[in-house]
Each structure stands twice: as structure tokens, then as C-alpha cells.
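Visitor: Take a look at this one; I'll ask things after.
Since every read-out is calculated from the coordinates, none of them should be taken as a lab result. Note that this is a predicted model, so its numbers are computed, not measured. FYI the Cβ positions are ideal-geometry reconstructions off the backbone, even for glycines, and counts take in every protein chain you see.
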Amino acid sequence: MKKPVLLALACSAMASTAFAQTSSVTLFGVADAAVRQVKNGSAGTVKGVTSGANTTSRLGVRGVEQLGGGLSAGFHLESGVELDTGAANASKFWNRRSTVSLMGEFGEIRLGRDTTPTYNNALNDEFGIVGVGSRGVFVYGSSAVLGSGATTAQRTDNGVSYFLPKNLGGWFGQVHVAAGEGVVGNKYTGGRLGFENNTFLVGGAIGQTDVGSTQPKFKNYNLLFNYKSPWGTLHTLVDVKKWGPRKAQELSIGATVPVTQAGSFRVGYTTVNRSGGPVGSGYADADDSTRVALGYVHEMSKRTALYGTYANISNKGAARSSVLYTTPTGMRGGESSSGLEVGMRHSF
């Protein structure tokens, strides 16, 4: 082999070694599946296997490069997976997150598809914001945006976020702006500020979404308070959504209670008071809903768990909230929805 080729290979190896010392790339994911039975009033009962009932099944890759001078660059690509069928769970491949970031002592600037401050402030519930038992049914389910057409209950496309530095003694914050780029319901502005230590997690968030030049803006604000103690964690959330005269006021309270070194019970309650919509719309004064849920999670290791959850949603008036998050065809207003699921979650 000629000396120039040997020299080139040596230089390449040295560059790769230097790069490896200052960079990291991680492949990660969650495989979660459960056997489930759900009954939605007149829509009937459905039995089968579902994905992501304890933690959303996903596949992702993320990386960080140290740039020097306290600066670093990073990326995060994450896609949801329907473990029961092997399909992607949305039309966008990197539907959960696709971002690039610049980080330093100033905090983090992040660009791309990502979660909103109002959604981030509602994440810390007793059921991990997924499954038949979670308050996620009301945080981002089909009725969450009050029929406004907003697409921002969880995430936005075309987003720019700024996050406060992580060395502020427990304080955290986010400001997020998303451009509509011609897509009605995606133009969002919002922010979040909070504090966390070994005992408390407190956060407040506010956001609004432009749903058309002739329509009022969809607004969402919430307050999270969690109390952590040796006996368990108390989870609470007050969440308010408004669109013109329509309004939904949600109060959630729940608990995670360890009963063994590896197992814990989960219990949750949510009441939703809706008002302002026309009679029969599902958003009128009498169209209210109540969630009650009970579950158990047994951690077999740091990466593997078995779990079971039962939940019931009682609806009044024309309300049609379902433990499936999206109301099935055939379910009538005022009918109840219930679900039971038993599954396994493995992370890697």
C-alpha cells in the first residue's frame, strides 16, 4: 500500500478518534404492548392487543457533539411505533420529535417538531399520560381543542424553543413559537415556568393557537403541582381551555403509591366542566365528564415492567369522551366508556 494512502488512513483514524471523544450517538426506544378490552356505550366492546399503554412505543436516535467553549450541538429524532401491527403510528415518520439544538451556559435553542409548553406541563401524571387510565384523554384527546381545529394539543411543526439553563437551582422554563406556514391550527405561541426539588414539582404554562383569521384563538393554560414523599407522589393538574364562548375546566388529582420495592399502585380522578357551546355539541353547559382509574405497575428490572389498568369515564349531556382518546363511531352522548388492559413494557 502506498505511503500517501497509509497516511490518509492514519489521519482518518485520528480524526475519528478525536470525534468519538467529543461526540455521542444513542439508539433508544420502548416496546410496550397490552391485551385490552374497551366498551364505549352503543359503539360496543372491542377486544384486542394495543401498543403503548404504559409508555408510548417508540424508536429514536439522538446525539450530542461538544463544540468547545461550553457549547454543544445536538439532534433528536423519534418515531412512534404501533407494536401490535408494526406500523408507524402517524403519517409523519419522525412524528414524536425531530429537532436540532444548540446548547450552552445560556440554555438551549431548539428547532423542529417538538412538544408544546402547555403539553409539557401536563406530562407528569400517575399513568404517564398514556393508556386507558390517563388524564391524557382530556389533555390531548379528540375533544381537547373544543372543535377549534387547533393541531397543537401535544406538538407543533415548524417550532422554535428556548429552554432556560439547567443550573438554576431547580428552576426551569421554556418559550415556544411555531410558524403556521399556511397550515391552519399550527401557529402557536406559549411558555412554561416552574420549579422542582426532591419534594415539589410546580409548573405553570400558557399557550394560544391561531385557527384562522376569522376565528377566535384557541387558548390553553394550566397549573401543575406534584408532591413527592416516601409514601408516594401526589399528582395534580388544573387545566383550562377556551375557544370563543366554549370553555373546558379540568381538575385532575392522582397518586402513585409504592407497595413493594418493585411495585406501585396508581389511582387517578379527573372532572371536566364544559360550557359555552350549542346544545348537542358536546361542549354545552351540561356536557361534562368524569374519569376514575386504578392501576398497578411491577418493575421487574430497570428496563422491564408488567402493568394492569382499569378506567371508567362517565359522560353527561352530549359529552362523548372515551378511554380510547378518539371517540368511536356509534357512541352516543352521555354514554360511559370503560377499559381494562394488562401489558408489558421494555425500554432499551
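Visitor: Would you work out which of T118, N222, W171 lies farthest towards the positive end of the dipole of the chain? Charges go on Cβ: Lys and Arg +1, Asp and Glu -1.
Guide: T118
Visitor: Please state the charge dipole magnitude for the chain, taken about the Cα centre, from unit charges on C-beta atoms (+1 on K and R, -1 on D and E), reported in debye and rounded to the nearest 20. Mind dumping the intermediate values first?
Guide: Details: 33 positive and 22 negative charges, 57 e Å.
For the chain, the charge dipole is close to 280 debye.
Visitor: What do you get for the angle between helix 3-22 and the principal long axis of the chain? Use alpha-carbon atoms, 0 to 90 degrees, nearest ten.
Guide: 40
Visitor: Just to confirm a number: summing +1 for Lys and Arg and -1 for Asp and Glu over residues other than Q174 whose beta-carbon lies under 13 angstrom from that of Q174, what do you get? Don't skip to the end; give the middle numbers.
Guide: Working: positive: R110, K166, R192; negative: E108, D114.
With Lys, Arg at +1 and Asp, Glu at -1, the net is +1.
Visitor: What share of all Cα pairs of region 267-322, in percent, falls into each consecutive 10 Å distance bin?
Guide: Once binned at 10 Å, the Cα pair distances of region 267-322 give 24, 33, 21, 15, 8, 0.
Visitor: Indicate the gyration tensor shape class of region 81-165 (rounded, prolate or oblate), computed on the Cα atoms with a ≥ b ≥ c the square roots of the eigenvalues: a/c under 1.5 is rounded; otherwise a/b larger than b/c is prolate and the rest oblate.
Guide: It comes out prolate by the Cα gyration axes.
Visitor: Oh, and also: Under 13 Å from the Cβ of V202, count the other residues' Cβ atoms, weight Lys and Arg +1, Asp and Glu -1, and hand me the total. Walk me through the numbers before you get to the answer.
Guide: Values: positive: R192, K228; negative: E196.
For residues surrounding V202, the net value is +1.
Visitor: Per residue of the chain, what 222 nm ellipticity follows from adding -39500 (n - 2.57) for every DSSP H run with n ≥ 4, rounded to the nearest 500?
Guide: It lands at -2500 deg cm²/dmol.
Visitor: Report, in debye and to the nearest 20, how large the dipole of region 198-258 comes out about its Cα centre when Lys and Arg carry +1 and Asp and Glu carry -1 on their Cβ. Please report the intermediate quantities before stating the final value.
Guide: Values: 7 positive and 3 negative charges, 40 e Å.
Result for region 198-258 is approximately 200 debye, rounded to the nearest 20.
Visitor: Let me check I've understood the local charge: for V38, count other residues with C-beta under 11 angstrom from its C-beta, Lys and Arg +1, Asp and Glu -1. What total comes out? Let's see the in-between values first.
Guide: Numbers: positive: R36, K39, K47; negative: E341.
Computed value for this residue: +2.
Visitor: Through the Karplus equation 6.51 cos²θ - 1.76 cosθ + 1.60, θ set to phi - 60°, convert the phi angles of region 114-125 into ³J(HN,Hα) values in whole Hz; use x for Gly and Pro.
Guide: Result, ordered by residue: 7, 6, 8, x, 5, 6, 4, 6, 9, 5, 7, 9 Hz.
Visitor: Taking θ = phi - 60°, what integer Hz values does the Karplus form 6.51 cos²θ - 1.76 cosθ + 1.60 yield along region 157-165, in sequence order, with x for Gly and Pro?
Guide: Using θ = phi - 60°, the values come out as 8, 6, x, 10, 10, 10, 10, 4, x Hz.
Visitor: Give me the Debye-computed log₁₀ of I(q)/I(0) at q = 0.09, 0.11, 0.17 Å⁻¹ for region 200-348, equal point scatterers on Cα only, no solvent, two decimals.
Guide: After summing over all Cα pairs, the log10 values are -0.38, -0.56, -1.10.
Visitor: Here's another thing I want to ask about it. Between the DSSP loop rule and a limit of at most 16 other Cβ atoms within 10 Å, which chymotrypsin sites (Phe, Trp or Tyr not before Pro) in region 14-105 are left?
Guide: Within region 14-105, the qualifying chymotrypsin sites (Phe, Trp or Tyr not before Pro) (loop, at most 16 other Cβ atoms within 10 Å) are F93.
Visitor: A further question on this structure: For region 23-347, how many pairs of lysine residues have a Cα-Cα distance under 23 Å, where the two are 8 or more positions apart or belong to different chains?
Guide: Lysine pairs satisfying the spacing and distance rule in region 23-347 number 19.
Visitor: Rounded to a whole number of µm²/s, how large is the Stokes-Einstein D of region 23-347 at 20 °C and 1.002 mPa s, given Rh as the Kirkwood radius over C-alpha pairs? The partial results should precede the final answer.
Guide: On the way: Rh = 20.6 Å.
In µm²/s, the coefficient is 104.
Visitor: Amide H to amide H, which residues 5 or more places from R97 or on other chains are under 5 Å from it, using H placed in the peptide plane?
Guide: Result for R97 returns E78.
Visitor: Separate question: Can you give me the long-range amide H partners of G232? Hydrogens built in the peptide plane at 1.01 Å from N, cutoff under 5 Å, separation of 5 or more residues or another chain.
Guide: For G232, no residues qualify.
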